[in-house]
1. Considering only residues that are within 14 Å of chain B (Cβ to nearest Cβ), part of a loop (DSSP other than H, G, I, E, B) and under 13 Å from the mean Cα position of the chain (by Cα), which ones fall in segment A:34-82?
2. Take A:Thr166 and tell me if it is of a type in the set (Ser, Thr, Tyr) and within 10 Å of chain B (Cβ to nearest Cβ).
3. If we scan segment A:3-25, do we find a residue that is modelled with pLDDT of 95 or more and surrounded by 23 or more Cβ atoms within 10 Å (Cβ to Cβ)?
4. For segment A:133-153, give me the residue count where each residue is closer than 12 Å to A:Ala178 by Cα, more than 19 Å from the chain's Cα centre (by Cα) and aliphatic (A, V, I, L, M).
5. Which residue, of A:Thr38, A:Thr91, is modelled with pLDDT of 95 or more and closer than 25 Å to A:Glu237 by Cβ?
6. Taking segment A:103-122, which residues are more than 10 Å from chain B (Cβ to nearest Cβ) and free of Cβ contacts under 8 Å to residues at least 40 places away in the same chain?
7. Looking at segment A:258-272, is at least one residue without any contact (Cβ under 8 Å) to a residue 40 or more places away in the chain, assigned to a helix (DSSP H, G or I) and loosely packed, with under 12 Cβ neighbours inside 10 Å?
8. Report yes if B:Ile94 is part of a helix (DSSP H, G or I), at negative phi, in contact (Cβ under 8 Å) with a residue 60 or more places away in the chain and in contact with a strand residue (DSSP E or B) (Cβ under 8 Å, 6 or more places away or on another chain), otherwise no.
Amino acid sequence: MPAKTKSKTAVSKPTLKNIGLSEETLMGLYTNLLKTRTLDERFRKLFRQGRFAGTYFSAVGQEATTVGPTYGTREEDIIAPSHREIGAAVTKGIPLVHIVAQVYARINSPDKGKTHPCHYGWRAKGVISPSSTLAGQTIVGTGCAMGFWIQKKDNVVLAFFGEGATSRGGWHEALNFAGIHKLPIVYICQNNLWAESVPATMQAGIKHFADRAKAYGFPGVTIDGNDIVLVHQTAAEAIARARAGEGPTLIECKTYRWYGHSEIDPADYRTQDEIDEWRRKDPLDRADRLLQDLGILTTEKREAIVVEVNQEIDAAIDACEKEKYAEPEEAYIDVYSEQFPVRRDEY
Amino acid sequence: MKKTTFIEAITQAMAEEMERDEHVFLIGQDIGLYGGVFKATKGLLDKFGPRRVIDAPISEVYIAGGSVGAAMVGLRPVAEIQFADFITPSMDQIIQQMAKMRYRTGAQWTSPMTIRVCCGGDVGGGLYHSQINEQWFFSQPGLIVLLPSTPYDAKGLLKSAIRGDDPVIFFEHKRLYRWIKEDLPEEDFTVPIGRAAIRTEGKDVTIVSYGLMAHRSREAVDQLEKDGISCELIDMRTILPWDRETIFESVKKTSRVVLVQESSKTGGVMAEVGAAIAEELFDYLDAPVTRVCGLDVPAIPFAPPMEHYFLPNAEKIGRVVKKVMAY
């Protein structure tokens, strides 16, 4: 099946009917976008204030690519994230306190503080805590899909990665395998034009990364990744196909990260014009305007959501700032199952 | 009772575990239609079908990483890497995903799985079909590394690996596949991970080894016995986490130790075992901790005289033991 490029032509008078989504879904998408954006911007501030160690990987500007596909998935569906999937973590329902604890590396973090900020994971909601090796969870996530296929379960995996990760050999091995067996997985490429400092044009000799799907015998589609409705609907169709045993889809979402690769990256390899252009395509702003046009979002309603989201975030941050780090001896825990305690060296 | 070869023991372990637990499945190159290049999976595709015996494309990254994912959603993968020489593409997945899954997720996600790796020289396999690289995995906490030397241990340890909750690299020495045979019990049995086996009891010197080298050491022990030297031979079986207690107790008793490994000397398993003995048992030792290892060269060379020159054997081991005794 050929890769194709979709772009939604603006409808002059949008209605719920011609969009094809319920008010509840649209509000759900919007609320998760807003919550993700608010939390992300807050984390950036907290990092600048020195409230947590390491660095922080902001996803501001590209939230629609994670919120859109994740919204509406089942609890037992798997999210195989990379490092900029705060939107998937929020939308899949990892409790905010655990998301904040992860960044703060406190004892109430799912990983007990062992990895690094932004490696959100939560078994109960099917979110794999990622490694920093790019395309890592694409490969492991494909394995999860293989597991569902072996057991003939109708769960689906959403694997997220940037366009840069598609250059890795293991990424190709995973998609190749998924194509052979029509595994229940949807690959979501967030093409934000920059892999740290390397432009997409230096990453591949093709214009649309979705074209890579051709080689593996399943559909690839390139879409406007800042259009939350389009992203959600394209992913939902792909998820339905995957669930029905019809195999994977590669969705390339064209998007942009507003800030550096991490907070210690000034991102001066990009032009201000480029940044300004993409800021005008802000996915949150677009969703806001759409919902207002549809008559389902008012200023009062937005303010109420903003207040509620901020209260929830404040509470989570307060709770984590009061929380302790794990005892240093925690370093010896979870190396193996309890059958094999690690020998401890004392110095 | 029909003698069981090493490779038959491996096949039996997989078939029996697949019967016992429907979550166990196999993935690897040429393991289905062909039954494996060494026939370890012969007959299993017919018996268990294509979703439980998966012929993989030539994708060692995926074979390892995909197995991790399947393990995370409740399956018990047994992956095969046809030759240890070809495991290098899998390293990223083995080191970054398989070994660290439990640690990096606070044990929310784990990777209970086994990668079977055919390894080793003395078969004329050449530079790229003879490698033995257990030391790469030995230096990665989070992994269990096994390298059995007998059909009994192979079957029992492979079953323990499949049933356990930890990620296992299971090395199978190809020289042993059809050479070593023994009677195996009819009933189900396992061999515990993490315990060495004392193959011969002795009082003068401890020899520690594993895999093919456990057999070469045994040949040396038999010869040394005739020369009046009583050797205690320990077969490690589990490389990581290794059995300090059994080895240390023996060294305390004999006060002399020779460590034998097939792979290159520098940075090998015996470098660690030797360092630990030196660190912990200095007061007990009557002679320097001494190693007999493969050469520090890039791999086992092909031409037969060079291959034999590379590998430790009974003669080399015997000479070194005598030197240690004379110290």
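The values are calculated or read from the model by the stated rules, or taken from the named source; none is laboratory data. Because the structure is predicted, anything quoted here is derived from the model rather than measured. All Cβ positions, glycine included, derive from the backbone under ideal geometry; neighbour counts span all protein chains shown.
1. Start the filter on segment A:34-82 by keeping residues that are within 14 Å of chain B (Cβ to nearest Cβ), which leaves A:74-82.
Now drop any that are not part of a loop (DSSP other than H, G, I, E, B), which leaves A:74-77, A:81-82.
Selection gives A:Pro81, A:Ser82.
2. On the way: of a type in the set (Ser, Thr, Tyr): yes; within 10 Å of chain B (Cβ to nearest Cβ): no.
The answer is no for A:Thr166.
3. The answer is no; no qualifying residue exists.
4. Summing the residues that are closer than 12 Å to A:Ala178 by Cα, more than 19 Å from the chain's Cα centre (by Cα) and aliphatic (A, V, I, L, M) in segment A:133-153 gives 1.
5. Details: A:Thr38 fails: closer than 25 Å to A:Glu237 by Cβ.
The conditions single out A:Thr91.
6. A:Tyr120
7. Among the residues of segment A:258-272, at least one is without any contact (Cβ under 8 Å) to a residue 40 or more places away in the chain, assigned to a helix (DSSP H, G or I) and loosely packed, with under 12 Cβ neighbours inside 10 Å, which makes the answer yes.
8. On the way: part of a helix (DSSP H, G or I): yes; at negative phi: yes; in contact (Cβ under 8 Å) with a residue 60 or more places away in the chain: yes; in contact with a strand residue (DSSP E or B) (Cβ under 8 Å, 6 or more places away or on another chain): yes.
Yes; evaluated as a whole, the condition is true for this residue.
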